[in-house]
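Every read-out reported here was derived from the displayed coordinates using simple, explicitly stated rules and does not represent laboratory data. Computed from a prediction, not measured in an experiment: that's the story for all the values here. Counting neighbours? That spans all protein chains shown, and the Cβs are built from the backbone with ideal geometry, glycine included.
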Ligand code: PRP
């Protein structure tokens with residue numbers, strides 16, 4: 001039995017369902033940006049968006065450039081303010097460019113709230129958000145999401161980029177982690 005079978009309680013979205021959703025999103029995005037002369041700048045947020053970014057980019061029928069950003073996770077003390085630290089910035093200017101942020105999940109919304117503020121200051125022509133997963137139950141700040149794949153319940157989801165303590169990002173599906181995994185872990189610490 002694969003190790004994940006002991007720790008995943010349910011599969012929410014299998015590989016085929018994810019692939020179909022990525023294609024639907026890619027068609028919408030390609031149609032919306034097809035009149036632009038310049039390539040769309042996809043900004044993937046490390047590390048969770050890696051697989052979604054790679055699949056989405058390859059499903060798009062418009063020219064794109066790929067940029068990556070990494071930010072530090074906020075601790076409990078900074079969570080409410082949304083203050084985060086930029087670990088890796090864009091390699092290029094986005095002034096006057098059409099930009100699409102690509103995220104794996106919008107949870108509280110604090111990460112995107114920070115990123116939208118930060119990137120808007122660089123005066124892009126447009127700045128929109130595409131997320132594979134949306135978990136509205138925990139949202140504390142309103143985020144304008146232009147493209148959204150699936151709404152997920154308020155459970156610990158892993159796979160297809162999403163991790164539990166850096167593990168399970170490579171699962172080809174999105175599943176729900178058994179609560180005893182992370183409650184046990186917390187108890188051990
Ligand atoms: C996850 C996810 C989003 C963020 C969403 O990243 O990739 O960036 O959390 O949460 P929020 O809406 O509550 O801000 P995480 O900090 O876990 O890092 P990772 O992408 O490297 O897993």
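Annotations for the structure displayed:
- The range 1-40 shape via C-alpha gyration tensor axes, a/c threshold 1.5: prolate
- Each listed q (0.14, 0.15 Å⁻¹) maps to a log10 I(q)/I(0) for the range 107-171, found by the Debye formula over equal Cα scatterers with no solvent: -0.49, -0.56.
- The long axis of helix 179-188 is offset from the longest Cα principal axis of the chain by roughly 80 degrees.
- Relative contact order of the chain, pairs being alpha-carbon contacts under 8 Å that are 6 or more residues apart, as %: 23 percent
- Gyration tensor (alpha-carbon) shape descriptor, the range 22-76, a/c threshold 1.5: prolate
- Difference of contour (0.36 nm per residue) and Cα-Cα distance, residue 92 to residue 46: 14.9 nm
- Helix 15-33 and the long axis of the chain differ in direction by around 20°, with both axes built from C-alpha atoms.
- Peptide ranges 94-103, 2-11 listed from the most packed, as the mean C-beta count within 10 angstrom indicates: 94-103, 2-11
- Between residue 125 and residue 34, residue separation times 0.36 nm minus the direct Cα-Cα distance comes to 31.2 nm.
- The chain: angle of helix 50-59 to the longest principal axis, Cα-based, in degrees nearest 10: 50 degrees
- For the range 10-145: rounded, prolate or oblate by the Cα gyration tensor [a/c cutoff 1.5]: oblate
- Simple spin-label estimate for residue 17 and residue 142 gives 3.0 nm between the two label positions (7 Å along the Cα-to-Cβ direction from each Cα).
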